[in-house]
Every structure is written in C-alpha cells, then in structure tokens.
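FYI, it's all coordinate maths here, none of it is from the lab. Just so it is clear, the model here is predicted, and its values are computed rather than measured. Positions of Cβ are generated from backbone atoms using ideal geometry, with glycine treated the same way; all protein chains shown enter the neighbour counts.
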Amino acid sequence: MRFDRAGFWEVEASATVDGDVETATAAFTAQETSPIPAPGDPAPRTRQPLAGAAGVAPSTIDSRADDARPIPDAQLHDVTIDDAIAAGKPTMVVISTPVYCVSRFCGPITDSVAELADRYAGQAAFVHLEIWSDFDTHTLNEAVRDWVYPPGAEDAREPWVFVVGRDGLIRERFDNVATDAELEAAVQTAIQA
C-alpha cells in the first residue's frame, strides 16, 4: 500500500464474523522512504554461506538443521543471491526462521517457496536466508542485514519474500503473509519478463 505522505496513520477494518460485525484498528508510521528494499530498488548482492560451508553451523543456514538433522530444502541453499543475479536469473528470496518465528508463518512460507523451487527449477533461483546466526545470543546472520535489518528497520519482522527480476531489481515484496497463488504469480511474472 502506498500513502500520499509520510506520517502517523491509523487503519480500521471491519468484517462480519458469525453474523456479528467485528471492528479492529491499528496505528503505524509510514516513512518517507523504506529502509527495507522495495520494488524498483536494486536487490542486495548477498553472498550468503551455502549448505556445507566450512565452519558454518547448519542451524545458521536453516534453523531446522543441526549436527543430527541435515539442512532441509537443499534447493534453497545451493546458490548465492549474488551469483543468481549475476547469471540473470529471476530470484525469489525468502527470509525466515522456521524454528524461532514469532508469527508462525515462517515455516509454511518457506515450504511454499521450496515447492515453487521444485516446480520452477532451472527457470528461476530460489534462496532461503535464515534470520539467526545464533538464536541463543540473538546474533543475526549478516546476510539478512541488508535485506530486512538495515539501519532504520531494527523492528522488522519475518518472514519476508522478495522477487528479483533478471535485471537485479526487486519486482515484488511480501511482508509476513502471502498466499501460494500470490507467490506463484510473482514467480511466473518474473520468469516471463
């Protein structure tokens, strides 16, 4: 959603639930420019560690992995974002922490992106960036800083999905919730562009 000016805004939503009208309000700040990359911005040229990287704990690649469990969704951990962009591939980047997610949407949206990676293998690149390098010490992965935790976005929440075009520019950005249909449509549009 775009607003005509920066500032403090409030939204009110109403819905009929079981015959009763329910109303909720929420307040938020709209900034002049987004500290988080937005459609039209160049995608960060991230060189994140890949599965099997020497000296990198498996949980740093994906919070579902550890020394006893392999990194799931290998197809999301086999190319850096920088290499995908350099190759001119449309790229979908999911930034999530399936184990530690507060919203509980991280696992399902990461699974959705993995399914798209299977379906569109060879036509686009698909990448998962884990939020935490070390959850216990709340140490962020360096790879996510440029995407969702740059200065001014310290309060960002996950998950996020970005779709990057062949030109390296962000085409779509989904914050927290996106349907399978929305994600697939974004991938198809990027592939066809």
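Residues of region 109-138 that are surrounded by fewer than 23 Cβ atoms within 10 Å (Cβ to Cβ), touching a strand residue (DSSP E or B) at 6+ places or on another chain (Cβ under 7 Å) and more than 15 Å from ALA185 (Cα to Cα): TRP132, SER133. Of all the listed residues (SER112, SER133, SER103), the sole one being of a type in the set (Gly, Ala, Ser), over 14 Å from LEU76 (Cα atoms), in contact (Cβ under 8 Å) with a residue 60 or more places away in the chain and touching a Leu at 6+ places or on another chain (Cβ under 9 Å) is SER133. Residues in region 169-187 that are free of Cβ contacts under 8 Å to residues at least 12 places away in the same chain and either part of a strand (DSSP E or B) or not hydrophobic (A, V, I, L, M, F, W, C) (or both): THR179, GLU182. Would you mind finding the one in VAL113, VAL161 that is of a type outside the set (D, E, K, R), more than 17 Å from ARG45 (Cβ to Cβ), touching an Asp or Glu at 6+ places or on another chain (Cβ under 9 Å) and assigned to a strand (DSSP E or B)? Step by step, each of VAL113, VAL161 is checked, and only VAL161 is of a type outside the set (D, E, K, R), more than 17 Å from ARG45 (Cβ to Cβ), touching an Asp or Glu at 6+ places or on another chain (Cβ under 9 Å) and assigned to a strand (DSSP E or B).
Quick grid of which residues meet (1) in contact with a strand residue (DSSP E or B) (Cβ under 6 Å, 6 or more places away or on another chain); (2) in a helix (DSSP H, G or I); (3) among the small types (Gly, Ala, Ser); (4) without any contact (Cβ under 8 Å) to a residue 24 or more places away in the chain:
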residue: THR16; (1), (2), (3), (4): no, no, no, yes
residue: GLU22; (1), (2), (3), (4): yes, no, no, yes
residue: ALA26; (1), (2), (3), (4): yes, no, yes, yes
residue: PRO35; (1), (2), (3), (4): no, no, no, no
residue: PRO49; (1), (2), (3), (4): no, no, no, no
residue: ALA53; (1), (2), (3), (4): no, no, yes, yes
residue: SER63; (1), (2), (3), (4): yes, no, yes, no
residue: ASP66; (1), (2), (3), (4): no, no, no, yes
residue: ARG69; (1), (2), (3), (4): no, no, no, yes
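The criterion of being in contact with a helix residue (DSSP H, G or I) (Cβ under 9 Å, 6 or more places away or on another chain), closer than 17 Å to ASP83 by Cα and not in a helix (DSSP H, G or I) holds for ARG166.
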